[in-house]
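Taking it in order: structure first as structure tokens, then the write-up.
Just so you know, all these numbers are worked out from the coordinates, no wet-lab data involved. Just so it is clear, the structure is predicted and the values come from calculations on it, not from any experiment. Positions of Cβ are backbone-derived with ideal geometry, glycine not excepted, and every protein chain shown enters the neighbour counts.
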Number of protein chains: 2
Amino acid sequence: MKFGIVIFPSKKIQDFANSMRRRYDPHYALIPPHVTLKSSFEATEEEIKEIANKLDTIARNFKPINIQVTKIGSFKPVNNVIYLKIESPEDLERLHNELNATFDDGNQEYNFVPHITIGQKMSDDEHSDVYGSLRMTKVHYEDTADRIHLLYQLDNGSWTVYETFRLGKE
Amino acid sequence: MKFGIVIFPSKKIQDFANSMRRRYDPHYALIPPHVTLKSSFEATEEEIKEIANKLDTIARNFKPINIQVTKIGSFKPVNNVIYLKIESPEDLERLHNELNATFDDGNQEYNFVPHITIGQKMSDDEHSDVYGSLRMTKVHYEDTADRIHLLYQLDNGSWTVYETFRLGKE
């Protein structure tokens, strides 16, 4: 079974992201707009209880994290993904690092660039058209992420929330 | 902002439900298969913190609840909804009643028939074809629901999990 750990930003940010995702992201219907903290990893239904307990402990050791959506970016030339860039104090990176150290499966490929994907699986031409028209969009949202979500993937590719963990809960 | 309270059953049950929902339920892409405990109600983002706190308290006062999926049913003639019938000890009804008493918005239209919708928005003919072919399907799943989920709806009609609450957490 595949699991992942994400932040769902505020409704406002999700609605904004979806206004672009519906056209440019084939994963639009599989998962709401999100910031990935730990990309998908394998675990059994038995293991997941222990993972949930660890997550609970980690989450308590963090405070709610301020995030800002500041612009539209692209991972080109690494890949043709277009995203909302997330700026955040060091805490988001610290949380990311702690999660990846705790659930290390040797799967971490890139430096952590916090983002919300709004377009993917595009040809080079499509990417350059779409990114060309979106890159100058003025974007500014602020949000406080006070929860992280543990998800699992169904057979149809969609994601269900297993459990949420509040950051900094006493 | 619209909120709702549901149980997401185990992956096995969700995968089984989706195998039918993908053909018969136009809400297939908007929300994973679920048992509705409190149908959608309006609240502001400020109010929701208080709602979450109340839910936390309610959830602690319940134990994880055994559920069984026993057959495929239909709400006809009330409406053309086809569903997986959920059998459960009294506890599920008690939880439903407590949630609806706590968040009463005069919205409760029917007696509580716990179910997972697998088909809806069908014409009478379509309903009778589909239900005719599904109703004899042998179904038996068991699951322990140990969490409830508070969701909110995005502008595109899809649902995001706000927070989960474990039943019987000390």
Worksheet item: Residues in segment A:136-155 that are free of Cβ contacts under 8 Å to residues at least 24 places away in the same chain and within 9 Å of chain B (Cβ to nearest Cβ): how many?
Response: 2
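To keep it simple, each residue is scored yes or no on (1) within 16 Å of the chain's Cα centre (by Cα); (2) in a loop (DSSP other than H, G, I, E, B); (3) crowded, with 21+ Cβ neighbours inside 10 Å; (4) within 11 Å of chain A (Cβ to nearest Cβ).
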residue: B:6; (1), (2), (3), (4): yes, no, yes, yes
residue: B:14; (1), (2), (3), (4): yes, no, yes, yes
residue: B:22; (1), (2), (3), (4): no, no, no, yes
residue: B:29; (1), (2), (3), (4): yes, yes, no, yes
residue: B:33; (1), (2), (3), (4): yes, yes, yes, yes
residue: B:40; (1), (2), (3), (4): yes, no, no, no
residue: B:45; (1), (2), (3), (4): no, yes, no, yes
residue: B:54; (1), (2), (3), (4): no, no, no, no
Worksheet item: Would you call residue A:93 among the acidic types (Asp, Glu) and under 13 Å from the mean Cα position of the chain (by Cα)?
Response: yes
Worksheet entry | Some residue of segment B:101-120 being over 17 Å from the mean Cα position of the chain (by Cα), among the small types (Gly, Ala, Ser) and within 14 Å of another protein chain (Cβ to nearest Cβ) | no
Worksheet item: Got at least one residue in segment B:37-47 being out of contact with any Gly (no Cβ under 8 Å at 6 or more places or on another chain) and under 19 Å from residue B:9 (Cβ atoms)?
Response: yes
